[in-house]
1. Roughly what % antiparallel, to the nearest 5, for the DSSP beta bridges in the chain?
2. Ratio of alpha-carbon Rg to the 2.2 N^0.38 Å globular estimate for the range 203-290, to two decimals, please.
3. State the Cα centre-to-centre distance between the range 420-465 and the range 319-362 in whole Å.
4. How big is D for the range 223-262, in µm² s⁻¹ as a whole number, if Stokes-Einstein is applied with the Kirkwood radius of its Cα pairs at 4 °C and 1.567 mPa s?
5. Can you send over the solvent-accessible area of residue 17, 1.4 Å probe, protein chains only, in Å² to the nearest 10?
6. Check the chain for me: any Cys whose beta-carbon has no other cysteine beta-carbon within less than 4.7 Å?
7. Under a Cβ-Cβ cut-off of 11 Å, what is the net charge of the residues other than residue 320 that fall near it, where Lys and Arg count +1 and Asp and Glu count -1?
8. To check my understanding: the extent here is largest minus smallest coordinate of the Cα atoms along each principal axis. What are those three numbers for the range 63-137, in Å, largest first?
Amino acid sequence: MSNNTSLMEKIVSLTKRRGFIFPGSDIYGGLSGTWDYGPMGVLLKQKLINLWQDFFVLSQSNMLMIDSAILMNPKVWQASGHTETFTDPMVECQFCHNRFRADKIDLKICPICKKTNPFSSAKNFNLMFQTFVGPVSQDDQILKINRHDLEEILSQQPGEEININYDNFRTEKNPNLTYLRPETAQGIFTNFKNIIDVFYPDMPFGVAQFGKSFRNEISPRDFIFRSREFEQLEIEYFVHPEDWQKSFDHWVELIKQWYQLIGLKKNSIDLLEVAEGDRAHYSKKTIDFEFNYPIGKEEISGLAYRTDFDLRNVINFSNKNIEYRDKKTNQSFIPHVIEPSFGVERMLMALLCQAYTEETLEDGSQRIVLKLNNKLAPILVVVSPLLKNQQSLVEIAQRIFQDLKQSLKYVQYDDNGNIGKRYRRADEIGTPYCLTVDFQTLDDQTVTVRHRDSAKQERVNISSLKEYLVI
Ligand code: ATP
């Protein structure tokens, strides 16, 4: 086992053991490509999303947010090209019949059964999950036949065996068929007219949305990195066609700042300009931001210049005029789009991989610690009485806990086991501060504050705790 594989396994195990992330439907044997967030995972994920919203939306003067439905009219996916082109090349091993994404494996050998030259030629596999709206199912296919062929069938004598030539029939797509959205972006394009009609923002402006997306990945793998259900955070930034390059460059810088803000080291992120043949069908320029994961260097988020591809398609398929009229020149045009697209799971995985540390402390003890940014740590402070059966200590600890809980919210009370065990638990979920109420507290109103990264302890007066605990 390579060091990186074992590091991934340790992270997967820690996140399960400490209630961050569980395999989806685990109790029934799981469902590949799905993951459930436990109490710690939810807090981490929510903090990350809130931070993203603060940085990219609330602190900008020209950004709006929407929250569109996951189920949309199937025309959305015809207009966007997803029904035709949202595919990955798939190969099947002729020996073990497992299926793989052709561009992600060495095609000379099957990764499962290890047979050589095992693959048939690649087929395009559409990644969208189908579903049916209303009380119908996939079986309700619509079969169409022309009157002449039908009359021929009916003209056969009663009692005679009827021969039906299925070539005379054609099936029509079930009108109730639609898809779980494979990206949040289209919800923004379909609401572009609503935004203009109601708000008419100055150009350039952005519309952001985060929420679940679904892709029937051929081989989900690498923990949460490639999931079938995941959370995207996307921005469609609308610009005058002449300004796209300037805006694109601006976004590159903003995204670099974002990764620093959440605590990813500068040298752990690389920018890769995607070659023309590898770009998505809608993009004229794409930069993949890549993170050095233990599984290798992989895309953490993307930045794409989508031109006017999407808005033009919405116009064509909806027959609505959704051009933007410039407020100064009165000139009408279809805005072009710069799209920064982030995935929560890939950012979480990067944060967890970078934060995971095994180390030996000065006293010789070993520990696992998640060195997460304070802003993201699920719990900021743990409050403990040194001994849980000493009423005088418990009373003060409870009072501090209740007080801090109101102001700092991400505060936990822990009186289980000895103090060493509490520190280990706090370290493993990345808690920056542990406060302990001990006998000295009774004399001088100070508590011990133990810092996660240095494991150093200090005495701090109870009355100055709120200023002391830096978020
Ligand atoms: P890949 O090439 O790895 O399949 P992609 O280029 O198809 O990814 P995009 O369509 O650009 O991905 O999606 C934007 C972002 O959404 C990605 O950068 C990633 O963070 C996230 N994302 C996409 N697919 C998945 C997935 N299956 N699981 C988790 N996150 C995903």
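The values are calculated or read from the model by the stated rules, or taken from the named source; none is laboratory data. Note that the structure is predicted; figures quoted are calculated from it, not measured. Cβ: placed from backbone, ideal geometry, glycine included. Neighbour counts: every protein chain shown. Surface accessibility is based on the protein's heavy atoms, side chains included, excluding ligands, DNA and RNA. Shrake-Rupley method; radii C 1.70, N 1.55, O 1.52, S 1.80 Å.
1. Among the beta bridges of the chain, antiparallel pairing accounts for roughly 85 percent.
2. Values: Rg = 15.1 Å, N = 88, 2.2 N^0.38 = 12.1 Å.
Cα-based Rg divided by the globular estimate yields 1.25.
3. If you average the Cα positions of each part, the centres end up 38 Å apart.
4. Here the translational diffusion coefficient equals 103 µm²/s.
5. Its accessible surface works out to 120 Å², give or take rounding.
6. Flagged as lacking a Cys partner: 353, 434.
7. Working: positive: 193; negative: 197, 323.
The answer is -1.
8. 50, 38, 19
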